Amino acid sequence: MVSDRTRWTWWLSLASLPFLLAVAVAINAWRNIEDYRRRIDTDVVQGAGELDYAGAMWRLEKVRLIGDGRDMQLRLPGEMRLIIVRIAATAAREIGDGWGQCEVSLVDGAGRRWLPLDVILSSDISRDLEPANEPLKGCGITSLDPPHQDHATLIEEKFVVPSAAVSSLSVRLSVGPLRPHAIGFPLALN
């Protein structure tokens, strides 16, 4: 037979479940909001030349627009365009793990944002476009082994965007430890 104390403890445990569930949901929501705030870039420094960020001097090295027939005779379906962005970075100090969660994206004038293609597809495209050259690494992979002080590296990311957005695009780069601070370069594609 169950004692009154055991029965009372069971009812108390059962009654506390909604409260504990609400607390768990609130804690998880707070963590998600904090994570989202750390992932967005709200303080962006735009420039056309070199920008100092995350212990390095960054510059836009090269931009290619593929899919409209100008760069090569390739036309992409559905008015989509492939944009290849190369960014050069020269380390002004030892970077260490200061480039963790490195992220490059394209942003248009309306605030829409595009993330790069995945690593495997990006490498496949590089091999198809330049079969004699080794594919360049993206920002995330480069952040695992950043350049040493006074050394440079090239980062290449590829994006598929609608042709209507091409004229107002800028590239944005940020690293986890410095978010919401980021840098950006206008692409000036027509």
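Exactly one residue out of Arg31, Arg64, Arg59 is loosely packed, with under 13 Cβ neighbours inside 10 Å and of a type in the set (D, E, K, R), and it is Arg31.
Of all positions in segment 141-148, none carries a residue that is part of a helix (DSSP H, G or I) and at pLDDT below 90. I'd like to know if segment 102-120 contains one or more residues that are closer than 23 Å to Arg75 by Cβ, assigned to a loop (DSSP other than H, G, I, E, B) and among the hydrophobic types (A, V, I, L, M, F, W, C). Yes.
Within the set Ala188, Ala132, the sole residue that is within 25 Å of Met57 (Cβ to Cβ) and among the small types (Gly, Ala, Ser) turns out to be Ala188. Does Leu14 count as assigned by TED's automatic domain parsing to the domain that holds Gly100 and at pLDDT 85 or above? Taking the combined requirement at face value, the residue does not satisfy it. Of the residues Ile83, Ile40, Ile120, the single one that is at pLDDT below 90, among the β-branched types (Val, Ile, Thr) and closer than 16 Å to Glu157 by Cβ is Ile120. Checked against (1) in contact with a helix residue (DSSP H, G or I) (Cβ under 8 Å, 6 or more places away or on another chain); (2) modelled with pLDDT under 90, Gly96 meets all criteria but (1).
Of the numbered criteria (1) over 14 Å from the mean Cα position of the chain (by Cα); (2) on the phi < 0 side of the Ramachandran plot; (3) touching a residue at least 24 places away in the same chain (Cβ under 8 Å); (4) surrounded by fewer than 17 Cβ atoms within 10 Å (Cβ to Cβ), the one Glu50 fails is (3). Of all the residues in segment 91-123, those that are in contact with a strand residue (DSSP E or B) (Cβ under 6 Å, 6 or more places away or on another chain) and crowded, with 16+ Cβ neighbours inside 10 Å number 10.
Of everything listed in (1) farther than 18 Å from Tyr53 by Cα; (2) in contact (Cβ under 8 Å) with a residue 40 or more places away in the chain, the single unmet condition for Leu121 is (2).
Scanning segment 57-101 for residues that are charged (D, E, K, R) and part of a strand (DSSP E or B) gives Arg59, Glu61, Lys62, Arg64, Asp68, Arg75, Arg81, Arg86.
Taking the condition surrounded by 12 or more Cβ atoms within 10 Å (Cβ to Cβ), touching a Pro at 6+ places or on another chain (Cβ under 8 Å) and in the same structural domain as Asp128 (by TED's automatic domain parsing), does Ile83 pass? No; evaluated as a whole, the condition is false for this residue.
The values are calculated or read from the model by the stated rules, or taken from the named source; none is laboratory data. In this text, all values refer to a predicted model and were calculated from it rather than measured experimentally. Note that we place each Cβ from the backbone using ideal geometry, even for glycine, and neighbour counts take in every protein chain shown.
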